[in-house]
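The values are calculated or read from the model by the stated rules, or taken from the named source; none is laboratory data. Since we're looking at a predicted model, the values are computed, not measured. For neighbour counting, all protein chains shown are included, and Cβ atoms are generated from backbone atoms with ideal geometry for every residue, glycine included. We work out accessible area using only protein heavy atoms, side chains counted, and drop any ligands, DNA or RNA first. Shrake-Rupley method; radii C 1.70, N 1.55, O 1.52, S 1.80 Å.
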Amino acid sequence: MQPTIRRFTGTKRTVRVGPLRFTGDEHAALQEAAAEHGYKGESGFTADIALAFITGRFTANLPLSEDRRRTHMFRAQVLRELNRIGVNVNQIARALNSDLTPPDVRDRLDELHHLLDLLAGALCEPAEAEKEKAA
């Protein structure tokens, strides 16, 4: 999808971003593209493309460096796996909160909850002792 030409709505663009730098060939190509799309200058064309890209009306495959691409792929995999874990946890919670949970499982969970409380209390004791020393 190509950006549409912004018609003057009474709101003038006054904030400057840049300066953008281009090689001579890139600048000539930019001027040519702006003219082809009916723009008088390249700054409005560049601004409209940037805004269209931000709002999702225009997409492009930008040349990402290999490291950024790998990082992006890794993040996508991590988010996918976290989502799967969340779905599993939700299913477990739903099953445990239903009336179909066997009593022995509930007893084990109560024991586990008690052990976690004891562990949390033991982990907090050193911090509380240091607070008392400081006071």
Exercise. Between residues in the stretch 73-85 that are small (Gly, Ala, Ser) and residues that are open to solvent by less than 100 Å² (accessible area, probe 1.4 Å) and modelled with pLDDT of 90 or more, which pairs lie under 9 Å by C-beta distance while being six or more apart or on different chains?
Worked result: none
Seminar exercise, completed: For the stretch 89-118, the count of residues that are surrounded by 10 or more Cβ atoms within 10 Å (Cβ to Cβ), among the polar types (S, T, N, Q) and part of a helix (DSSP H, G or I) equals 2
Seminar exercise, completed: For the stretch 44-55, pairs from a residue that is more than 14 Å from residue 19 (Cα to Cα) to a residue that is outside any helix (DSSP H, G or I) and of a type in the set (Ser, Thr, Tyr), with Cβ under 6 Å and 6 or more apart or across chains, are 45/39
